[in-house]
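Working notes, structure below.
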Amino acid sequence: MKCLKNKLSADTLRSLYFVLVHPYYEYANIVWAVRNTVVVLQKLFISQKRAVRIITNSPWNAHTYPLFRKKHIYPGIA
């Protein structure tokens, strides 16, 4: 996604997120529940935050709560 952020629109990147990234959070939640360690969940949430920053073309240290709301993406790991 990072390589495509300058070539695709934000809506297209959001669609790409829901095709490539979101299924790991949505459908693999049984696997994440079994390995319910804080480290694993934190890594997943950080990667989700990184993806939403790429979609919105925000700086690396931007607060992500408003970005999730703006793009209507549920932060499923938080």
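The values are calculated or read from the model by the stated rules, or taken from the named source; none is laboratory data. Please read all numbers here as calculations on a predicted model, not as lab measurements. Positions of Cβ are backbone-derived with ideal geometry, glycine not excepted, and every protein chain shown enters the neighbour counts.
Worth pointing out:
- Residue, nearest to Thr56 (Cα to Cα), within the stretch 7-17, restricted to residues that are of a type in the set (Ser, Thr, Tyr) and more than 12 Å from the chain's Cα centre (by Cα): Ser9
- Flag if Leu4 is more than 15 Å from the chain's Cα centre (by Cα), within 22 Å of Lys70 (Cα to Cα), surrounded by 11 or more Cβ atoms within 10 Å (Cβ to Cβ) and at pLDDT 90 or above: no
- Subset tally (residues that are crowded, with 16+ Cβ neighbours inside 10 Å and free of Cβ contacts under 8 Å to residues at least 24 places away in the same chain) for the stretch 39-55: 1
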